[in-house]
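Taken together, the values in this text are just the output of simple stated rules run on the coordinates, not laboratory data. Only a predicted model underlies this, so the values are computations on that prediction, with no experimental measurement involved. Every residue, glycine among them, receives a Cβ derived from its backbone with ideal geometry; neighbour counts consider all protein chains shown.
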């Protein structure tokens with residue numbers, strides 16, 4: 001895994017992703033942010049075959065409004081919605097999120113909601129199974 005290979009993979013994925021979201025303003029930035037997060041992840045591994053298949057998937061999403069397009073659209077919607085909810089908190093709450101949320105719940109006397117804590121678990125598992133089955137690298 002050399003730097004030119006990483007740059008080339010990033011560019012291919014970014015170009016295919018932009019075509020897949022049809023260069024729409026909110027979606028292109030959400031896709032860019034997800035791609036940046038994936039390439040900046042220290043635990044990530046470089047999988048050339050997975051990247052090649054992901055580019056094929058994104059190209060198929062760009063060509064017609066089929067299943068690939070719907071999957072990509074939902075991934076971007078979930079990412080954008082999560083980002084919007086996180087933006088409502090001040091930066092200090094992001095840093096101390098766990099302690100502040102717990103203290104706020106105790107002050108208000110809020111009832112513990114187990115669904116709220118695991119609301120994205122099914123979504124993450126579905127994306128993981130899709131990646132495993134198709135050999136692609138979606139987040």
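Fewest Cβ neighbours within 10 Å first, please rank 43, 12 accordingly. The partial results should precede the final answer.
Numbers: 43 4, 12 15.
Least to most surrounded, the residues fall as 43, 12.
Compute the distance in nm between two label points, each set 7 Å from the Cα along the Cα-to-Cβ direction, one at residue 84 and one at residue 115.
Result: 2.0 nm between the two label points.
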